[in-house]
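Student: Sending over a structure as structure tokens; questions will come in a sec.
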Amino acid sequence: MPIVDKHGITIGILAGRVEDAKWPLLHLQACELLSRHRSSCTPRKGKQRVHRRGAFIALRCGVSHGGGQPRPQNLENTPADARVLEELNSHPFFKRIAGFATGMFSRVP
Amino acid sequence: MATWAPKLYQYYAEKLGQLYAQDPNLTRVFPNSIFSATSYNLGPRTACFKHTDFANLPFGLCSITALGSYDPSKGGHLVLWQCKLVIEFPPGSTILIASGIVAHSNVPVGKDETRYSVAHYSAGALFCWVENNFRRSVDFLAGLSEEEALVVQERELSRWEMGLSLLPVFKE
């Protein structure tokens, strides 16, 4: 379902959730991973503990540009954070979400 | 096949495709994704402050998925401030929003509940990099002739119109 402004321009899409009998189980597994690995991440201090978006650990990966980077680069992480990211990125819940969001972006089947 | 944002999707696919093709060192974390970066928010009770993701493409969309164990009728709502909307956001569901222009935040969940989120997005600067022939704006502009500069200035002045034209319009 689209969210539109007063001119009818789309500024958001309520995408719903993946329709799959296994989804509740995958969701539970993903929650368990996130909960368990909070303490595996490199401890945050100062501005990293409470940042612009809130008071929680945020792990980032992929390609970014800006904030002083001279060119687009892969986001770098500490070895501890990188290990957690590897596990999260390979879990079926997160792989499916990436594809699901992409599919919703481009089309509704 | 119904479509939500096919023109915007095409723009992402084209520009980010050129980005990855030009620099083989850049890795796609999720090869099935149109987004270039991912952020996991580990909570345990993730509640974002009101914020706007200025680094995102202003006419782009990011994806947010909520996870956790919480009652979505009592907490975890997504607030879209300019729209004056408060949206129930059940665990496991996904929303796409223009996070670069719409200020957003979450209603906290209860102290015995958990909420995590994962967001996918593409930095606006990636698109500029490609449009500037794989240079920083400052280097790109410094290398232009006067005639070229006029063409680029024209392009930049109408960029907001180009961006808006990529977003689907729904009329009653």
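Only the coordinates and a few stated rules stand behind these numbers; no lab work does. Quick caveat: nothing in here was measured; it's all calculated off a predicted structure. Positions of Cβ are backbone-derived with ideal geometry, glycine not excepted, and every protein chain shown enters the neighbour counts.
Student: In peptide A:12-24, how many Cβ atoms from other protein chains are near each Cβ within 10 Å, on average? Before the final figure, lay out each step's value.
Tutor: Working: counts 15, 10, 9, 8, 5, 7, 4, 0, 0, 0, 0, 1, 2.
The shielding value for this peptide is 5.
Student: How many percent of Cα pairs in chain A exceed 20 Å? Display every interim value, and only then the final one.
Tutor: On the way: 3481 of 5886 pairs.
Tail fraction, whole percent: 59.
Student: Could you check how many percent of all C-alpha pairs in the range B:6-166 are farther apart than 19 Å? If you can, show how the numbers build up before the last one.
Tutor: On the way: 7861 of 12880 pairs.
Considering the range B:6-166, 61 percent of its Cα-Cα pairs are separated by more than 19 Å.
Student: Of the listed peptides B:29-41, A:61-73, B:156-168, B:139-151, what is their order by residue-averaged count of other C-beta atoms within 10 Å, with the highest listed first?
Tutor: Answer by packing, highest mean first, reads B:29-41, A:61-73, B:156-168, B:139-151.
Student: Can you tell me the length gained on complete extension of the stretch B:Gln22 to B:Phe134, counting 0.36 nm per residue apart and subtracting the Cα distance?
Tutor: Values: separation 112, 0.36 × 112 = 40.32 nm, distance 0.83 nm.
Contour length minus Cα-Cα distance gives 39.5 nm.
Student: Tally Lys and Arg at +1 and Asp and Glu at -1 over the other residues with C-beta under 12 Å from the C-beta of B:Ile95: what net charge comes out? Show your work: numbers first, answer last.
Tutor: Numbers: positive: A:Arg17; negative: B:Glu88.
It works out to a net charge of 0.
Student: Something else now. What residues have an amide H closer than 5 Å to that of B:Gly68, excluding those fewer than 5 places away on the same chain, when H is modeled at 1.01 Å from N in the peptide plane?
Tutor: The list, which skips near neighbours in sequence, is B:Gly92, B:Tyr116.
Student: Test of the criteria: in the range A:8-45, which trypsin sites (Lys or Arg not before Pro) are in a DSSP loop and have at most 12 other Cβ atoms within 10 angstrom of their Cβ? It would help to have the intermediate numbers written out before the result.
Tutor: Working: sites: A:Arg17, A:Lys22, A:Arg36, A:Arg38, A:Arg44, A:Lys45; in loops: A:Arg17, A:Lys22, A:Arg44, A:Lys45.
Listed in order of number, the matching sites are A:Lys22, A:Lys45.
Student: So, one more: What angle do you read, to the nearest 10 degrees and between 0 and 90, between the alpha-carbon axis of helix A:23-37 and the longest principal axis of chain A?
Tutor: Value to nearest ten degrees: 20.
Student: Then there is this: What net charge do the residues around B:Ala123 carry, taking every other residue with its C-beta under 14 Å from that of B:Ala123, with Lys and Arg at +1 and Asp and Glu at -1? Working shown, then result.
Tutor: Working: positive: A:Arg60, A:Arg71, B:Lys15, B:Arg136; negative: B:Asp53, B:Glu131.
Its environment carries a net charge of +2.
Student: Would you mind checking the tilt of helix A:79-89 against the longest principal axis of the Cα atoms of chain A, expressed as 0 to 90 degrees and rounded to 10?
Tutor: 20 degrees
Student: Another question about this same structure. Can you give the Rg to Rh ratio of the range B:1-85, both from alpha-carbon atoms, with Rh computed by the Kirkwood formula?
Tutor: On the way: Rg = 16.2 Å, Rh = 16.0 Å.
My calculation puts Rg/Rh at 1.01.
Student: Here's another thing I want to ask about it. Could you compute the net charge surrounding A:Cys61? Neighbours are other residues with a C-beta less than 11 Å from the C-beta of A:Cys61; K and R count +1, D and E count -1. Mind dumping the intermediate values first?
Tutor: On the way: positive: A:Arg60, B:Arg28; negative: A:Glu76, A:Asp81, A:Glu86.
It works out to a net charge of -1.
Student: Counting only other chains, what is the mean number of Cβ atoms within 10 angstrom of the Cβ of each residue in peptide A:87-95? Display every interim value, and only then the final one.
Tutor: Details: counts 0, 5, 4, 0, 0, 0, 4, 8, 5.
Counting Cβ atoms of other protein chains within 10 Å of each residue's Cβ and averaging gives 3.
Student: Among B:Lys84/B:Lys171; A:Lys95/B:Lys50; B:Lys50/B:Lys84; A:Lys22/B:Lys15, which pairs are too far apart, with a Cα-Cα distance over 23 Å? Numbers along the way, then the final one.
Tutor: Working: B:Lys84/B:Lys171 20 Å; A:Lys95/B:Lys50 28 Å; B:Lys50/B:Lys84 13 Å; A:Lys22/B:Lys15 35 Å.
Listed pairs above 23 Å: A:Lys95/B:Lys50; A:Lys22/B:Lys15.
Student: Now for a separate question. Can you pull the mean other chain C-beta count within 10 Å for peptide A:31-42?
Tutor: That average works out to 4.
Student: Kindly rank B:118-129, B:82-93 from highest to lowest mean number of other beta carbons found within 10 Å of each residue.
Tutor: Values: B:118-129: 23.2, B:82-93: 16.6.
In descending order of packing, they fall as B:118-129, B:82-93.
Student: For the protein assembly as shown, what is the largest minus smallest coordinate of the Cα atoms on each principal axis, given in angstrom and ordered from greatest to least?
Tutor: 63, 51, 34
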